[in-house]
1. With labels modelled as points extended 7 Å from the Cα through the Cβ direction, what inter-label distance (nm, one decimal) is found for Arg151 paired with Asn135?
2. Mean-square fluctuation check for the chain, GNM, Cα pairs under 10 Å: which of Leu21, Leu33, Leu148 is largest?
3. When ligands, DNA and RNA are left out and all protein chains stay put, how many square angstrom of accessible area per residue does the chain have with a 1.4 Å probe?
4. Where q = 0.17 Å⁻¹, what log10 of I(q)/I(0) comes from the Debye formula for the range 65-170, counting one point per Cα?
5. Assign one of three labels to the range 1-158, namely rounded, prolate or oblate, based on the Cα gyration tensor with a ≥ b ≥ c the square roots of its eigenvalues; rounded applies when a/c is under 1.5, prolate when it is not and a/b is larger than b/c, and oblate otherwise.
6. Once you put a point 7 Å from the Cα of Ser169 and another 7 Å from the Cα of Ala65, both along the Cβ direction, what distance in nm separates them?
7. In the range 13-109, what percent of the accessible surface is made up of carbon and sulfur (1.4 Å probe, ligands and nucleic acids excluded)?
8. Report the residue, chosen from Lys88, Lys76, Lys47, that carries the largest GNM mean-square fluctuation when the chain is represented by alpha-carbon nodes joined by springs under 10 Å.
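The values are calculated or read from the model by the stated rules, or taken from the named source; none is laboratory data. Since the structure is predicted, the reported quantities are computational estimates derived from the model, not experimental observations. Here the Cβ positions follow ideal geometry from the backbone for every residue, glycine too, while neighbour counts run over all protein chains shown. Calculation scope for accessible area: heavy atoms of the full protein, side chains included, ligands and nucleic acids excluded. Shrake-Rupley method; radii C 1.70, N 1.55, O 1.52, S 1.80 Å.
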Amino acid sequence: MKLRFYLALWAGKLAMAVLKLMGREQDDRPGILMYRLCPDFLKYVHKPAYTVAVTGTNGKSTVTALINDIFVGMGKKTSFNTWGANLKAGHCYLMAKSVNLWNRPVVDACILEADETSSAANMGALKPDTYIVTNISRDSLRRNGHPLYIRDCIQRAIQLMPDSTVILSA
C-alpha cells in the first residue's frame with residue numbers, strides 16, 4: 001500500500017504543479033486523482049504538528065480563515081484552502097500541499113473545512129487535533145434539511161476521533 005500512496009502523492013503533486021502553471025490553483029482535481037489512486041490517502045499522509053478541522057452548517061470558511069490568520073500571526077507556516085473545498089478531494093489536496101515528495105510535513109499547521117454530512121468519511125482517517133463545530137441549523141431541503149440529521153452525521157465523525165479535542169459552538 002505504501003507504493004500506491006507514494007504514486008498517488010507524486011501524481012497529485014505533479015497535477016498541482018501543472019494547474020499552478022496554468023493559473024488554476026483553485027481546483028480539487030489533484031485531490032480526486034490522489035484518492036482514486038489510493039483510497040486510503042488520508043490515512044497514510046503525515047500530518048503537520050497541528051491539524052484543525054471546522055464543520056457546521058454555516059460559517060466554516062470564516063472560522064477557518066480566522067484560525068489560519070491566528071497561526072500566521074504567531075509566525076507559523078500553514079496549509080489552508082482558501083476556496084473551501086470541504087470534501088475528500090479538497091482534504092487530499094490540502095494534506096498533499098502540507099507534505100513534501102517524501103511525505104514529510106513542510107508546514108506547522110493544516111486548517112481545513114469539513115462538510116458536515118460527509119465528515120465521518122474523512123475525519124476518521126484524518127484524525128485532526130481539534131474539530132470545531134460552528135453550528136447546526138436547518139439547511140437546504142434538497143441537501144440535508146433537518147438539523148437532527150446533520151447532528152447525527154457530526155456525531156458519527158466525532159466517534160471516529162476519540163483523541164481529538166471537539167469544540168462545539170452553542
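1. 1.6
2. Looking only at Leu21, Leu33, Leu148, the biggest GNM fluctuation is shown by Leu21.
3. Numbers: 8840 Å² over 170 residues.
Computed with neighbouring chains in place, this is 52 Å² per residue.
4. Values, matching the q order: -0.85.
5. Numbers: a/c = 1.70, a/b = 1.43, b/c = 1.19.
Because a/c hits 1.5 or more and a/b exceeds b/c, the range 1-158 counts as prolate.
6. If labels sit at Ser169 and Ala65, their model points lie 1.3 nm apart.
7. Working: 2880 of 4920 Å².
Result for the range 13-109: 58 percent of the exposed heavy-atom area is carbon or sulfur.
8. Top of the fluctuation ranking is Lys76.
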